[in-house]
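Single-structure report; data block below.
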Amino acid sequence: MPVADPQVGPTVQARRHDIEAARLRVANELETQRRTRRDVLARWESATRNLRTAERSAERAGDHVLKMRSLYNAGSSTLLELLDARRVLNDAIDRLALARAENRAARFEAESRR
């Protein structure tokens, strides 16, 4: 008649719990990595939209400066209006530079996580 070891049952149960805990840790880590990848891609997409908006804004501000310069030369606009248009253009150029930097950083982060 075999001798039953009373400690085998709890040891087996403990091993099963360890395996289940490890499986849950792996599943949790995979979900965290998936979420991180989605967040990185969403930041890149947002940065790209911001870049497009900044490009259009800078282009329109440049067109407005040209128009105001023509109006100023024709005597239909004041120097203050021309300077204001130039200030708006400079602000748009600054935002464009920031948007380009943000887009490059987001793209680099997305490509480094492949």
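What follows draws every value from the coordinates through simple rules; no lab data is involved. The shown structure was predicted, so the numbers you read here are calculated from the model rather than taken from an experiment.
A compact table of results
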read-out	value
Answer label for Rg and Dmax of the Cα atoms in Å (calculated), chosen among [x] 30.8, 115; [y] 21.1, 76; [z] 12.7, 34	[x]
Gaussian network model of the chain, springs between alpha carbon atoms under 10 Å - residue of ARG35, ARG23, ARG49 with greatest fluctuation	ARG23
Cα-based Rg / Dmax (Å) for the range 52-112	15.6, 55
The range 8-112, relative contact order in percent, only Cα pairs under 8 angstrom and at least six apart counted	37 percent
